[in-house]
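The values are calculated or read from the model by the stated rules, or taken from the named source; none is laboratory data. In this text, all values refer to a predicted model and were calculated from it rather than measured experimentally. Cβ coordinates were reconstructed from backbone atoms using ideal geometry, including for glycine residues, and neighbour counts include every protein chain displayed. Protein only, heavy atoms only, side chains kept; ligands, DNA and RNA dropped before computing areas. Shrake-Rupley method; radii C 1.70, N 1.55, O 1.52, S 1.80 Å.
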Amino acid sequence: DYDEWKTGHRRSGSYAAVANWMEKMAMTVFLLFSGVLLDWSGFDPALGGNQSEHTTLIWRIAFSAVPATAYAVALYCLNKYPLTDEKMTEIRADLDARNKRAKTLT
């Protein structure tokens, strides 16, 4: 709605496409990272579930620190996001008024 309010064009499809691409890129990076982490941590497939303490520690840190860092960055970005509920309500009302005027002109 904000983009339509600013530009007059509805481009939600483009935003959805970019979000989908970013999701796929994140998954690709994660898969690449997990392979590197397996190698770096000393994971030995022959040991199965009996990995060394060092390997287990590296994986515990990776599976807790990486998501925690990503969440912290996301929360920081969300805190900087300028749109509040009140602003979004105002934008929606303005867009509804524009659409109503456009329909009466046609």
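Counting only Cβ charges, +1 for Lys and Arg and -1 for Asp and Glu, the dipole size of the chain around its Cα centre is about 660 debye. For residue 98, the accessible area of its heavy atoms, probed at 1.4 Å with every protein chain present, is near 80 square angstrom. Kirkwood analysis of the Cα pair distances in the range 66-106 returns a hydrodynamic radius of 12.8 Å.
The solvent-accessible area of residue 15, taken with every protein chain present and a 1.4 Å probe, is close to 130 Å². Its residues counted as N, the chain yields a C-alpha radius of gyration over 2.2 N^0.38 Å of 1.78. Exposure check, 1.4 Å probe, all protein chains in place: residue 28 carries approximately 80 Å² of accessible surface.
Per residue, the accessible area of the range 31-106 comes to 83 Å² when a 1.4 Å probe rolls over the protein heavy atoms. Excluding residues fewer than 8 places away in the same chain, name every one of the lysines whose C-alpha is closer than 22 Å to that of residue 87. The qualifying lysines are 6, 100. State the percentage of accessible surface on the range 24-105 attributable to carbon and sulfur atoms; use a 1.4 Å probe and exclude ligands, DNA and RNA. So the carbon and sulfur contribution to the accessible surface is 67 percent.
In summary, the helical segments of the chain meeting the span-like criteria, namely a full DSSP H run, a Cα extent along the axis of 20 angstrom or more and a mean Kyte-Doolittle hydropathy of at least -1.0, are 12-41, 53-80. Residues of the range 15-43 with the amide nitrogen closer than 19 Å to a label point 7 Å from the Cα of residue 66, along Cα-to-Cβ, please. The answer is 22-43, whose backbone nitrogens lie closer than 19 Å to the label point.
Ranked by solvent-accessible area (1.4 Å probe, protein heavy atoms only, all chains present), the residues 59, 40 order from largest to smallest as 40, 59. Sorting 71, 81 by solvent-accessible area of protein heavy atoms yields 71, 81, largest first, with a 1.4 Å probe. Placing 58, 91 in order of accessible area, with the largest value first and a 1.4 Å probe, yields 58, 91.
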